[in-house]
Amino acid sequence: MTPRLTRTSGSSEILAALLGAAAIVLGSATVGVVVNHFSPRGIPLFPQPGEQQLHLPPGVESLALEDAYIAFDENSALFVDARPPEEYAEQHIPGAVNVPPTDFEAHFLDWADEIETATRIVVICAGIECSDSIQVAERLLEIVDGPVYVIEEGWRAWQDAGYPAQRGAAP
Amino acid sequence: MAGRRLSGPAGSGALNAASRPNWLGHPAVGAACRLLLGAVFVYASFPKLLRPGDFARLVHGYQLLHPDLVNLVGITLPWIEVAAGAFLLLGILPRSSAAIVAGLLALFMAAGFLALARGLDIECGCFFPLMGGHELGWDLLARDALLLLPAFQVMIWPSSFLAWRRA
């Protein structure tokens, strides 16, 4: 097959391309809004007044950093670190168990006794932008009674606050 | 078949240069650029489509948007990505789709630059979570800049080679 050279763009072609781009953007965004409306994983388009701004699934509740520290200090919660094992090994909350979302089952089995007997579970991951803690909390809710708490500010905020940390890989 | 020019013999030099046969404008190169970009954007969009809440959280991490707007972006942006990517793969409206991809890449680079300039230590979220956590860094901005090249290629020389329909 002989390659066919395409026509060069004139201003009308540029305009047509831009109009086409606008149509794709508007069309796909509309599809996204409609699918989200009917999806079980859908989130509010805009948070309602008084509602938490970042969406959390049912059964997962946010725990403020200071309240998490109080729970740590009182030893009233089991901390679950959802970061990858190498980050956990660098530093983690003393006593926290490591259960990342990838290969959840294997990691969970290492700590099943602690998790199943915990009165309160607090999950943490790297920072405000990460959702590994939420994914782990959702998986834990299939096993334990809720709610499961997440520290939305994440490990970096815990570190920045100067709260206790310890080194070492999971046993 | 010889290439046709929109302009006549007295057409502008830029248009003539764009229609001049060269390897950059070869339909096979165009198809490769189109398929590469399409595959990258479709691949990147799928996990975001499945978990819009998590993606919105990631957008929030860049601290550029008011929190009231992050859900809207988390819901719509992955669909724009997948539409532009699928259209590129199929060769439908390739110039328009490449323009969207170029715009998104420019947006990602600007957001990444602003985050890095403010010293934010966050995950990129580019392919989340398929490729695991990858911290935002200058290397990722360079990758986005590199991806702009095939986008420009498709915008300048939209190729119907290996396309579902002609450009």
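The values are calculated or read from the model by the stated rules, or taken from the named source; none is laboratory data. Model, not experiment: these values are computed from the prediction. FYI the Cβ positions are ideal-geometry reconstructions off the backbone, even for glycines, and counts take in every protein chain you see.
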Self-check item: Check on residue B:89, of a type outside the set (Gly, Ala, Ser) and within 30 Å of residue B:159 (Cα to Cα)
Solution: yes
Quiz item: residue B:116 fails exactly one of the following numbered conditions: (1) without any contact (Cβ under 8 Å) to a residue 40 or more places away in the chain; (2) buried (at least 21 other Cβ atoms within 10 Å of the Cβ); (3) among the aliphatic types (A, V, I, L, M); (4) farther than 25 Å from residue A:56 by Cα. What is the number of that condition?
Solution: (2)
Quiz item: Which condition number does residue A:60 fail, the rest of (1) farther than 19 Å from residue A:164 by Cα; (2) within 12 Å of chain B (Cβ to nearest Cβ); (3) surrounded by fewer than 17 Cβ atoms within 10 Å (Cβ to Cβ) being met?
Solution: (3)
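Residue-by-condition table, conditions (1) modelled with pLDDT of 90 or more; (2) of a type in the set (S, T, N, Q); (3) exposed (fewer than 14 other Cβ atoms within 10 Å of the Cβ):
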{"position": "A:127", "(1), (2), (3)": "no, no, no"}
{"position": "A:131", "(1), (2), (3)": "no, yes, no"}
{"position": "A:134", "(1), (2), (3)": "yes, no, no"}
{"position": "A:139", "(1), (2), (3)": "yes, no, no"}
{"position": "A:145", "(1), (2), (3)": "no, no, yes"}
{"position": "A:150", "(1), (2), (3)": "yes, no, no"}
{"position": "A:155", "(1), (2), (3)": "yes, no, no"}
{"position": "A:163", "(1), (2), (3)": "yes, no, no"}
{"position": "A:169", "(1), (2), (3)": "no, no, yes"}
Quiz item: Which of (1) in contact with a Phe, Trp or Tyr (Cβ under 9 Å, 6 or more places away or on another chain); (2) not in a loop (DSSP other than H, G, I, E, B) does residue A:156 not meet, given it meets every other one?
Solution: (1)
Exercise. Answer yes or no: is there a residue in the stretch B:33-48 that is without any contact (Cβ under 8 Å) to a residue 12 or more places away in the chain and either more than 7 Å from chain A (Cβ to nearest Cβ) or hydrophobic (A, V, I, L, M, F, W, C) (or both).
Key: no
